[in-house]
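Working notes, structure below.
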Amino acid sequence: MTPLAVYIHWPFCKSKCPYCDFNSHVRERIDETRWRQALLTELAWWAEQTEGATITSIFFGGGTPSLMAPETVAAILDAVSRHWTRAADCEITLEANPTSVEAARFRALRDAGVGRVSLGVQALDDAALKFLGRGHDVREAQAAVELARATFPRFSFDLIYARPGQTAAAWTRELTAALAMAGDHLSVYQLTIEAGTAFATSFARGDFALPDEDTAGALYEATQAALAAAGLPAYEISNHARRGQECRHNLAYWRGQDYLGVGPGAHGRLTSGPARFATRQMKAPETWLAAVETRGNGTEEFVRLTVDERRSELVMMGLRLAEGIARDRFVAATGLRFEDAFADRLSPLIAGGFVELDEHALRATASGRQRLNAVLGKLLA
């Protein structure tokens, strides 16, 4: 029984945030009955390709999946249970925005089977929320977090730091407020400028500046210290949790385990014998929808990864984790030991204090995780 995670992509939002480069789209109206059936159809197609798997987690992402009708969520969860065996402790997460209208759906989503909600709070400062293009204010965010706490067994929320003009002192105050609201998991991301976003255009135009590298580093270090002191150490570069409360679905990605991607633009990874396959669904929502209705799935890519591609994925994802990359997992996937795969590139990084290697795993140090892009560049050159 192969462990398998399932990702469901709902591509629609009320508005497009200026920093967001996800496959999200604004539509005046959609036919949800039609979309529900398409997602169910694609799930049935994937079930034929993955017979005998056990579903360990289900994640509704987007877009804004809290805009889905609870009946759609329930129908998808029922379909997963029909097509596969669902693990007794299967984690079911849904991303939500903390607006009043969506928060009112929480009880119905819980009744549908959602056990964990992840809220896109992003800031606890009204001016910052406006800059980030969010549709809620601090008061609504606080109310949504409290409702999530009262409704779901597990909840988390996201914050964005390294915003224009942000100081370490101001961010520490915001973190203190966040920790007063937080449960057992918190995600904290550094603001970056992604190509094709509204922020990319305004940043290039000089409308705003981001904190310099030293300031961003200080903000990162303040984040690590504050959350560790509160009992929420980083288990991944941007994710913090009490022991046992990590997001199990995202751990499947970072550990290189199998997962399905269902819905427009969703990616997946599947193992069959010694082979590892990358899958990708058609990105444009209407194109994906038409393909599913015509041929039963919206798959645009289903390709076998080379050993080098597999090695690179394991390293790029696994070094994000505090636990690192397990030796046995790396050997099983690539047929190589770390020492052989990276030859003389590994020693300088160990000597510099950026990675460490023992009989169990290769992992980035705290210093290495802060400079992970540079570490990966050296290791995978």
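The values are calculated or read from the model by the stated rules, or taken from the named source; none is laboratory data. These numbers come from a predicted model, not from an experiment. Cβ: placed from backbone, ideal geometry, glycine included. Neighbour counts: every protein chain shown.
At a glance:
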{"item": "Residue selected from the range 79-94 under the condition in contact with a helix residue (DSSP H, G or I) (Cβ under 9 Å, 6 or more places away or on another chain) and outside any strand (DSSP E or B), by the criterion surrounded by the fewest Cβ atoms within 10 Å (Cβ to Cβ)", "result": "R82"}
{"item": "Any chance G231 is in a loop (DSSP other than H, G, I, E, B) and either out of contact with any strand residue (DSSP E or B) (no Cβ under 9 Å at 6 or more places or on another chain) or closer than 28 Å to F152 by Cβ (or both)", "result": "yes"}
{"item": "Counted residues, the range 347-357 - those being surrounded by fewer than 18 Cβ atoms within 10 Å (Cβ to Cβ) and either more than 22 Å from A228 (Cβ to Cβ) or in contact with an Asp or Glu (Cβ under 9 Å, 6 or more places away or on another chain) (or both)", "result": "5"}
{"item": "Selection count where residues are farther than 25 Å from A361 by Cβ and in a loop (DSSP other than H, G, I, E, B), scope the range 242-269", "result": "4"}
{"item": "Number of positions in the range 197-227 that are over 25 Å from T172 (Cα atoms) and of a type in the set (S, T, Y)", "result": "3"}
{"item": "Where a residue in the range 175-200 is in contact (Cβ under 8 Å) with a residue 12 or more places away in the chain and assigned by TED's automatic domain parsing to the domain that holds R139 and its partner, wherever it lies, is surrounded by 16 or more Cβ atoms within 10 Å (Cβ to Cβ) and of a type in the set (D, E), with Cβ under 6 Å and at least six apart", "result": "S187/D158"}
{"item": "For A374: the one exception among (1) of a type in the set (A, V, I, L, M); (2) within 21 Å of P274 (Cβ to Cβ); (3) assigned to a helix (DSSP H, G or I)", "result": "(2)"}
{"item": "Residue identified as exposed (fewer than 15 other Cβ atoms within 10 Å of the Cβ) and either among the β-branched types (V, I, T) or within 30 Å of S187 (Cα to Cα) (or both) among T294, T334", "result": "T294"}
{"item": "Positions within the range 199-228 being assigned to a loop (DSSP other than H, G, I, E, B) and crowded, with 17+ Cβ neighbours inside 10 Å, in sequence order", "result": "L210, P211"}
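To keep it simple, each residue is scored yes or no on (1) in contact with a strand residue (DSSP E or B) (Cβ under 8 Å, 6 or more places away or on another chain); (2) among the β-branched types (V, I, T).
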position	(1), (2)
A252	yes, no
M282	yes, no
T287	no, yes
R295	no, no
